[in-house]
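Notes follow the structure.
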Amino acid sequence: MTASTAPPSAPLLAIRGLSKAFLGVQALDGVDFTLRHGEIHALLGENGAGKSTLIKTLTGVYQRDNGTVALEGREIAPRGVEEAQRLHIGTVYQEVNLLPNLSVAENLFLGRQPMRWGLVDRGAMRRRARAVLQPYGLSVDVTAPLGRFSVATQQIIAIARAVDMSAKVLILDEPTASLDAQEVAVLFKVMRTLRSRGIGIVFVTHFLDQVYEVCDSITVLRNGRLVGERRTADLPRLDLVAMMLGRELEAAAHRIDLGPAEVDSRPPLASFKGFGKARSVEPFDLDIRPGEVVALAGLLGSGRTETVRLVFGMDRADRGEATVDGRAVRLKGPRDAVRLGFGFCPEDRKKEGIVGELSVRENIILALQARQGWLKPIPRRRQEEIADRFIRLLDIRTPDAERPIQLLSGGNQQKALLARWLATEPRLLILDEPTRGIDVGAHAEIIRLIERLCADGMALLVVSSELEEIVAYSRRVVVLRDRRHVAELRGGEVSVERIVAAIASETPNVAGSGAEVRQ
Amino acid sequence: MTLSAPGPARNLPQYGALIAVLLANWLLFPDFFAIRLQDGRLFGSLIDVLNRGAPVALLAVGMTMVIATRGVDLSVGAVMAISGAIAATMTGAGWSLPAVLAASLAAGLLCGLWNGVLVAVLRIQPIIATLILMVAGRGIAQLVTEGQIVTFTSPALAFIGSGSFLTVPMPVVLTIVVLAVTALLVRATALGLMIEAVGVNRLSSAGAGVNTPVVLVAVYVWCGLCAAVAGLIVTADIRGADANNAGLWLELDAILAVVVGGTSLLGGRFGLVLSVVGALIIQAMNTGILLSGFKPEFNLIVKAGVLLVVLLLQSPTLTLFLPRPKGARPIGTVKPPVAPTSGGAKP
Ligand SMILES: Nc1ncnc2c1ncn2[C@@H]1O[C@H](COP(=O)(O)OP(=O)(O)OP(=O)(O)O)[C@@H](O)[C@H]1O
Ligand SMILES: [Mg+2]
């Protein structure tokens, strides 16, 4: 760590009048941002407000059009990620962008491998990798390729890497999107330690609870412009939301109150008996009725994601049977599921969700087109109608439907993926961490929309780490532990306490069958 | 990854290069654009470019879609040899033209099916999967011809190579027909979208319900068919089949034509017509060097130079330095935020 040589009065990081335009979009427009020593500073705003762009412009991924950035009083203009790292700015970008084919250790030390006699010292690298990961309670095989691990694990590894490099500034762009409560707590502990050492932390999130838990101050952006900076203590939550949205948030959505008897009397839409896959999830039974919201809760690696992947045929079950409308069905692949009227938003948006280079329109109509088959193309006019309808309905922020989806902000990509499935009018919609990265305003909208669809008979199977969210909209919760369905809570039993209790009711079997062993 | 900026500006390098090469030919050879009608068929250097360029253009049409799925087909030259060998041998043995054509095309289809199954079902990397047939294919062709150079005299088959339809040489007619049918097949259906989707992200496409194996097999089959047509043309033209040399190295010209046409080897967006333009650029250069009387050795070097220029014009790094409308930065120049020193690994 280098000692600071600048006058102590200078803030750690001072951004003034920062501007950045992309074709057709003024993503940043004269934004000021100040980060002080020993401060955790939340950077907030709606989807597409410009948060990620601010971070990428600051760290040299993009070159700025205008403005200045000073680190401890000295102007800097990093021309790339590497240079930013040399300035002791460690960053976790919104999309985990490590290299899946390299090992965990190599990813952690990429570009700064410990050397001995001109060669990479693999032994030292492994040892240091284990040490770097230790505070996070993550004991993974550091020689295994990174791509083998879940999104959450990869995210923790990305965080550990950035923390290890951030002697002055740590920037975290939605790092907690796929983490569960426990991991978030660990991360916050690490952040507080860094803060006490005088390091400044920029923290982007859509979870307002987390903002109030760890952040000292808040800067809000809207449409690429600075709305204002406040001390967290002086800013009530409702005011914060109003600052972000530019309007008041309508009363929170409340849970659908279909009488349990009414739903239970319906014949199940889809029913799984002894469904499972070796080394993935133990066989489980699951009935899903029309209009019902079933949530899967459990720790990371407990088999939630694996369960929904089997249900959608993304992974192939090797035992048990599935019936839809009382008829036995094959679920050999997503195509079978799509034809049965299932839809699935996967956890890893970039790898398994978006088709990056194709336009927003093409991404939205892709599943519908795939179900119709290649011989019946959806006429261009109709495609545009569908795309425009969902862009309006879900408030997807894009200049037009023809923009490649990869240029949209993370939350807006997520909304477009939801649109892809809603366009197919699914009978069973499966969502893995559906509200990841979606801002508070859009979040409420989406929940309202889903409730409407459920009232019309759509069933929803959802994986979420947000227990409050689960409690708010599901009337049945399946709890998983160690890749097994261990409990089911219904109706009145559904509460955060009961879910937590069910998750923890037995000491976890540490020797789980997967690659990830958690403490 | 290059992001396709929509609009005609994107095609400028290709059409510009074609025009430049044609003009260069004209400077070297003032009669270059002269076209005359003789015995009901057009003649002239320009017609020659089209005619000689037809086999590579056909290969490029099939190759475009394979490359759009993020694959490559190295076996097309060998497939040409097989289809030519079958055509010449069967004709020599007295089979009727329809039977000969059907057998040759069926051979191309089977070759494509083989490649497609290796890539789509067995998930072998395309470059390796098609390398197998690239090597084995010439052996198969030699087996068909029993190691001889087989010649034939049937005017019916020869017509495909040297005949003409409404004054246009048959190879050119066939290329136009194949191009039109292909374009119709992919753009009037949803196949084009699915090919591009699979090429950009196979996992996401499969997750959206796209039948990725069928899409992949289809493009390799189509590529095999195009190669078979090209093989027929070459055999018909020389009235014989040389299993060792027919279509030799043409897979490289075809890949080059596609890349010059602007379709990225990383898959995704593709342009069929532009690939044909790419093939014509390559052929116009060949013809030009031949006409100029330079040693053929020059051919390769000049070709490499011109290709370099075309590719540079498409490179996002270079467009950075070209004048552009205010505020409009080429999006393709944005570096993805990859961890440092990725050593060329793709994130
Ligand atoms: N490389 C790019 N090319 C073109 N436009 C871009 C690019 N990156 C971002 N944008 C646009 O800039 C705007 C701001 O995007 P940004 O990613 O900064 O939003 P964000 O605040 O991080 O949103 P989210 O909460 O959804 O992550 C968006 O309208 C987006 O479409
Ligand atoms: Mg963002």
| Pairs with Cβ under 9 Å, 6+ apart, first in segment B:34-53 and surrounded by fewer than 18 Cβ atoms within 10 Å (Cβ to Cβ), second of a type in the set (Lys, Arg) | B:43/B:36; B:44/B:36
| field | Residue in segment A:88-118 that is nearest to the other protein chains (Cβ to nearest Cβ), counting only those that are touching a Lys or Arg at 6+ places or on another chain (Cβ under 7 Å) and part of a loop (DSSP other than H, G, I, E, B) | value | A:95
| request: Scan segment A:52-87 for residues that are under 24 Å from residue A:225 (Cβ atoms) and more than 14 Å from every other protein chain (Cβ to nearest Cβ) and jot them down. | output: A:67, A:68, A:69, A:70, A:71, A:75, A:76, A:77
| query | Hey, does segment B:10-25 have a residue that's within 14 Å of another protein chain (Cβ to nearest Cβ), more than 29 Å from residue B:225 (Cα to Cα) and not in a helix (DSSP H, G or I)? | reply | no
| In segment B:93-120, the residues that are closer than 14 Å to residue B:69 by Cβ and either among the acidic types (Asp, Glu) or in contact (Cβ under 8 Å) with a residue 60 or more places away in the chain (or both) | B:112, B:115, B:116, B:119, B:120
| Residue satisfying all of: in segment A:32-46; touching a Lys or Arg at 6+ places or on another chain (Cβ under 7 Å) and buried (at least 24 other Cβ atoms within 10 Å of the Cβ); farthest from residue A:222 (Cα to Cα) among these | A:40
| said: Can you report the number of residues in segment A:293-342 which are outside any loop (DSSP other than H, G, I, E, B) and either at positive phi or hydroxyl-bearing (Ser, Thr, Tyr) (or both)? | reply: 5
| query | So which residues in segment B:191-200 are buried (at least 24 other Cβ atoms within 10 Å of the Cβ) and out of contact with any Asp or Glu (no Cβ under 8 Å at 6 or more places or on another chain)? | reply | B:194, B:195, B:198, B:199
| field | Whichever residue in segment A:373-382 is closer than 17 Å to residue B:218 by Cβ and more than 7 Å from chain B (Cβ to nearest Cβ) and, among such residues, is farthest from the chain's Cα centre (by Cα) | value | A:376
| Counted residues, segment B:233-259 - those being aliphatic (A, V, I, L, M), under 15 Å from the mean Cα position of the chain (by Cα) and part of a helix (DSSP H, G or I) | 10
| request: Report, ordered by the first and then the second residue, all pairs with beta carbons closer than 7 Å, sequence separation of six or more or different chains, a first member in segment A:406-419 that is free of Cβ contacts under 8 Å to residues at least 60 places away in the same chain and within 12 Å of chain B (Cβ to nearest Cβ), and a second member that is among the small types (Gly, Ala, Ser) and more than 10 Å from ligand 2 (Cβ to nearest atom). | output: A:406/A:356
| said: Is it the case, given these coordinates, that residue B:222 is within 14 Å of chain A (Cβ to nearest Cβ), within 13 Å of the chain's Cα centre (by Cα), touching a residue at least 12 places away in the same chain (Cβ under 8 Å) and closer than 30 Å to residue B:147 by Cα? | reply: yes
| remark: Across segment A:119-151, the tally of residues that are surrounded by fewer than 18 Cβ atoms within 10 Å (Cβ to Cβ), on the phi < 0 side of the Ramachandran plot and not in a helix (DSSP H, G or I) stands at 8
| query | Restricting attention to segment A:112-125, which residues are under 21 Å from residue A:90 (Cβ atoms) and at pLDDT 80 or above? | reply | A:124, A:125
| Among the residues of segment A:15-56 satisfying the criterion of being small (Gly, Ala, Ser) and within 18 Å of residue A:71 (Cβ to Cβ), which is farthest from ligand 1 (Cβ to nearest atom)? | A:38
| If we keep just the residues of segment A:164-223 that are polar (S, T, N, Q) and under 19 Å from the mean Cα position of the chain (by Cα), which is nearest to ligand 2 (Cβ to nearest atom)? | A:205
| task | Identify, by number, the condition in (1) more than 9 Å from chain A (Cβ to nearest Cβ); (2) under 17 Å from residue B:126 (Cβ atoms) that residue B:199 doesn't meet. | result | (1)
| request: Give the number of residues within segment B:64-87 that are assigned to a loop (DSSP other than H, G, I, E, B) and either hydrophobic (A, V, I, L, M, F, W, C) or surrounded by 24 or more Cβ atoms within 10 Å (Cβ to Cβ) (or both). | output: 6
| task | Write out, first by first residue and then by second, each pair whose Cβ atoms fall under 6 Å of each other, whose residues are 6+ apart or on separate chains, and whose first residue, in segment A:222-240, is under 17 Å from residue A:206 (Cα atoms) while the second is at pLDDT below 90 and not in a helix (DSSP H, G or I). | result | A:222/A:246
| query | Which one is farthest from ligand 2 (Cβ to nearest atom) among residues in segment A:375-418 that are part of a helix (DSSP H, G or I), under 16 Å from residue A:446 (Cβ atoms) and aliphatic (A, V, I, L, M)? | reply | A:393
| request: State whether one or more residues within segment A:61-84 are within 16 Å of ligand 2 (Cβ to nearest atom) and either more than 24 Å from the chain's Cα centre (by Cα) or under 16 Å from residue A:410 (Cβ atoms) (or both). | output: yes
| Just checking, which of A:232, A:219 is within 16 Å of ligand 1 (Cβ to nearest atom), over 28 Å from residue A:504 (Cβ atoms) and modelled with pLDDT of 90 or more? | A:219
| query | Hey, among the residues in segment A:27-40 that are away from ligand 2 (no atom under 16 Å from the Cβ) and part of a strand (DSSP E or B), which one's farthest from residue A:196 (Cα to Cα)? | reply | A:29
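The values are calculated or read from the model by the stated rules, or taken from the named source; none is laboratory data. Remember, predicted model here, so these are calculated numbers, not experimental data. Neighbour counts run over all protein chains shown; Cβ positions are idealised from the backbone, glycine included.
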